[in-house]
Amino acid sequence: QRLRAAVHYTAGCLCREVAEDKGVQFSKQSIAAIAEITFRQCENFARDLEMFARHAKRSTINSEDVKLLARRSNSLLKYITQKSEEIASSNMEQKEKKKKKSSASKGRRTSEEQEAAVSESEDSNM
């Protein structure tokens with residue numbers, strides 16, 4: 001119910017924006033119809049995404065499922081693909097930073113261990 005109300009509210013906000021930009025009016029019934037159609041379409045999208053993942057014998061929906069869902073809208077598919085690539089690139093950069101940090105800390109440990117070994121050998125020589 002809360003999700004349906006949120007969709008209705010958002011549809012109303014978008015209709016007000018369009019009304020101001022285009023100089024048209026939306027009746028309450030038309031806003032309610034737009035909101036209901038939007039909500040039902042989102043339910044259909046959710047079921048389709050579940051089916052795509054299940055067909056691939058997965059329990060998790062991934063970006064490829066979303067791209068498959070958006071395949072009929074070239075502009076939406078292009079946008080989703082671009083965002084997916086940006087996220088993947090960002091994730092790779094974060095992994096590389098973590099690797100560099102861990103290897104740098106290992107390098108520090110090694111030099112510290114070497115210094116300790118040198119001081120131990122100097123002590124034993126005395």
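Laid out as a table, the results:
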item: 3J(HN,Hα) from dihedral phi, region 55-72, Karplus parametrisation 6.51/-1.76/1.60, rounded to Hz, x for glycine, proline; result: 4, 7, 6, 10, 9, 10, 7, 10, 5, 5, 5, 5, 5, 5, 5, 8, 4, 7
item: Geometric extent, Cα atoms of region 1-111 - Rg, Dmax (angstrom); result: 21.8, 74
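Just so you know, all these numbers are worked out from the coordinates, no wet-lab data involved. Just so you know, these numbers come straight off a predicted model, no measurement behind them.
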